[in-house]
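A.B. asks: Below you'll find the structure I mean.
Read the figures in this text as sums done on the coordinates, not as results from a lab. Just so it is clear, the structure is predicted and the values come from calculations on it, not from any experiment. So basically every Cβ, Gly included, is an ideal-geometry build from the backbone, and we count neighbours across all protein chains shown.
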Amino acid sequence: NAKRAGGARHVFFDQAMRGQAERRSGLEADLRRALAEKELFVVYQPVVGLQPGAGVDRGTGVEALVRWRHPKRGIVGPVEFIGIAEECGLIGALGDYVLAAACEDFMRWRTSLGPRAPRLLAVNLSRAQVAETGWTSTVREILLATGMPPHQLQLEVTESLAAQDTAVQRHLHELKALGVKLALDDFGTGYSSLASLHLLPVDTVKIDRSFVSQADTSAHHRVLIEATVRVAHSLGMDTVAEGIETEAQSRVVTELGSDKGQGYLYSRPLAGPDLEAWLLAE
Ligand code: C2E
Ligand code: MG
Ligand code: MG
Ligand code: MG
């Protein structure tokens, strides 16, 4: 009967929630250790230049994506632990680690790859990180310590982050003053508005995968991509189409004028040595 079924459902939900909470608190304790034990590492996904009527430019850039080599769970992705790191105050340390490691790798590639080295390094920022006071001076210190040229570093923020508060806005302007580039990540998700693009000090708009994945099948999505590219260009920004998985999607976003593309079609995120091989191929 209904009452018994409802009761059973409660038990089910309680167990599911307890399981989730346990997994979380387990991960939180583990994450503190992971930072100390160097279990975090960075992989790189190529960002290619889209050239109408020609092959893609492999040397355009790379995006740094953090991974966790957990001793029991194996490789854990950022979606599982960035939120936890933010909540338990570890995002600052995690973010500094990723930025420094990525800048070091980038500088090494300049030597090992010469003209084949990527020209731009993109690193993701989370809200809590950008909100931290004194954070821009940490970025400056990392740039100085690694020798990373500021204009080759692109920091990626999401719209909700960029729009939210004035401390964040101020920090973004401070970053621009350092000479680093800013990109708006996952554009089109959340409460995006083309009209508000000019309010943000960004150089690049990354069109979210949810649009790109339908570029070849939906006229509606094509129109939105085209409009985004037009507005971005007219504001002096360039665009990256995220999550390109097929030749058809690649062709369409190239025709619609996107400057750059990123996705499994070109390459999955790669460990440093594999990225070097990919950049040297062709
Ligand atoms: P994002 O910045 O939008 O990065 C793109 C994500 O899409 C990556 O997932 C990438 O592996 C995935 N992706 C790329 N191409 C394709 C494709 O063709 N198809 C599909 N299905 N997926 C594709 P990942 O590495 O799991 O990262 C997820 C998110 O976690 C990132 O989204 C970013 O917001 C965040 N993140 C990653 N690394 C860091 C970090 O170091 N710090 C912070 N704060 N956030 C990070
Ligand atoms: Mg990103
Ligand atoms: Mg993105
Ligand atoms: Mg995305």
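A.B. asks: Quick one: longest stretch of the chain between exposed loop trypsin sites (Lys or Arg not before Pro), exposed meaning at most 10 other C-beta atoms within 10 Å and loop per DSSP? Don't jump to the answer; show the numbers that get you there.
C.D. replies: On the way: sites that count: Lys38, Lys72.
Result, exposed sites excluded: 73-282.
A.B. asks: For the chain, with a Gaussian network of springs between Cα atoms less than 10 Å apart, report the residue from Ser258, Ser250, Ser137 with the top mean-square fluctuation.
C.D. replies: So, out of Ser258, Ser250, Ser137, the one fluctuating most is Ser137.
A.B. asks: Now for a different question. When a footprinting reagent is the concern and you count Cβ atoms within 10 Å, what order do Ile91, Ile75, Ile142 take, fewest first? Walk me through the intermediate numbers first.
C.D. replies: Working: Ile91 23, Ile75 10, Ile142 18.
Placing the least packed residue first, the sequence is Ile75, Ile142, Ile91.
A.B. asks: Here's another thing I want to ask about it. Between Arg170 and Arg251, what length comes free when the chain is fully extended (0.36 nm per residue of separation minus the Cα-Cα distance, one decimal in nm)? Working shown, then result.
C.D. replies: Working: separation 81, 0.36 × 81 = 29.16 nm, distance 3.84 nm.
Extra length available between Arg170 and Arg251 comes to 25.3 nm.
A.B. asks: If you don't mind, another one. Among Tyr97, Tyr264, Tyr44, rank each residue by its count of other Cβ atoms within 10 Å, from fewest to most, as a rough exposure measure.
C.D. replies: On the way: Tyr97 17, Tyr264 12, Tyr44 27.
The most exposed by this proxy come first: Tyr264, Tyr97, Tyr44.
A.B. asks: In the calculated pair distance distribution of segment 131-267, what percentage of Cα-Cα distances lie above 22 Å?
C.D. replies: Result for the distance tail: 41 percent.
A.B. asks: When only DSSP loop residues count, what chymotrypsin sites (Phe, Trp or Tyr not before Pro) in segment 155-256 have their Cβ near at most 15 other Cβ atoms within 10 Å?
C.D. replies: On the way: sites: Phe187, Tyr191, Phe211; in loops: Tyr191.
In loop regions of segment 155-256 (DSSP not H, G, I, E or B), the sparsely surrounded chymotrypsin sites (Phe, Trp or Tyr not before Pro) are Tyr191.
A.B. asks: When Lys and Arg each count +1 and Asp and Glu each count -1, what net charge do the other residues less than 13 Å away from Pro71, Cβ to Cβ, add up to? Let's see the in-between values first.
C.D. replies: Values: positive: Arg33, Lys38, Arg69, Lys72, Arg73; negative: Asp30, Glu37, Glu39.
Local net charge: +2.
A.B. asks: Over the chain, with a Gaussian network built from C-alpha contacts below 10 Å, which listed residue (Ala145, Ala21, Ala102) shows the highest mean-square fluctuation?
C.D. replies: Highest fluctuation of the listed residues: Ala21.
A.B. asks: To continue, here is another question. Please find the FRET efficiency linking Val223 to Leu199, where r is the Cβ-Cβ separation and R0 is fixed at 25 Å, and quote it to the nearest 0.05.
C.D. replies: Details: r = 23 Å, r/R0 = 0.93.
The computed FRET efficiency comes out at 0.60.
A.B. asks: What is the Cα radius of gyration of segment 70-200 over 2.2 N^0.38 Å, N being its residue count? Walk me through the intermediate numbers first.
C.D. replies: On the way: Rg = 15.6 Å, N = 131, 2.2 N^0.38 = 14.0 Å.
Compactness ratio reported: 1.11.
A.B. asks: Using a Gaussian network model of the chain whose springs link C-alpha atoms within less than 10 Å, name the residue from Ala167, Ala101, Ala54 with the highest mean-square fluctuation.
C.D. replies: Ala54
A.B. asks: With the crude spin-label approximation of a point 7 Å out along Cα→Cβ, what separation in nm comes out for Glu37 versus Gln20?
C.D. replies: 2.7 nm
A.B. asks: Within the chain, how many lysine pairs that are 8 or more places apart, or on different chains, have C-alpha atoms less than 19 Å apart?
C.D. replies: Details: Lys38/Lys72; Lys176/Lys206; Lys181/Lys206; Lys181/Lys260; Lys206/Lys260.
So the count of such lysine pairs works out to 5.
A.B. asks: At a threshold of 8 angstrom on Cα-Cα distance, excluding pairs fewer than six apart, so keeping six or more, what relative contact order does the chain reach in percent? Can you show the working numbers first?
C.D. replies: Working: 442 pairs, mean separation 50.5, N = 282.
Worked out over the chain, it gives 18 percent.
A.B. asks: Now for a different question. Counting only Cα atoms, I'd like the Rg/Rh figure for segment 225-282, Kirkwood definition for Rh. Show your work: numbers first, answer last.
C.D. replies: Working: Rg = 13.4 Å, Rh = 12.6 Å.
Taking Rg over the Kirkwood Rh, I get 1.07.
A.B. asks: Rank the residues Thr189, Thr158, Thr166 as a footprinting-exposure proxy: fewest other Cβ atoms within 10 Å of their Cβ go first. Provide the component values of the computation, followed by the final result.
C.D. replies: Details: Thr189 14, Thr158 22, Thr166 7.
With the fewest neighbours first, Thr189, Thr158, Thr166 line up as Thr166, Thr189, Thr158.
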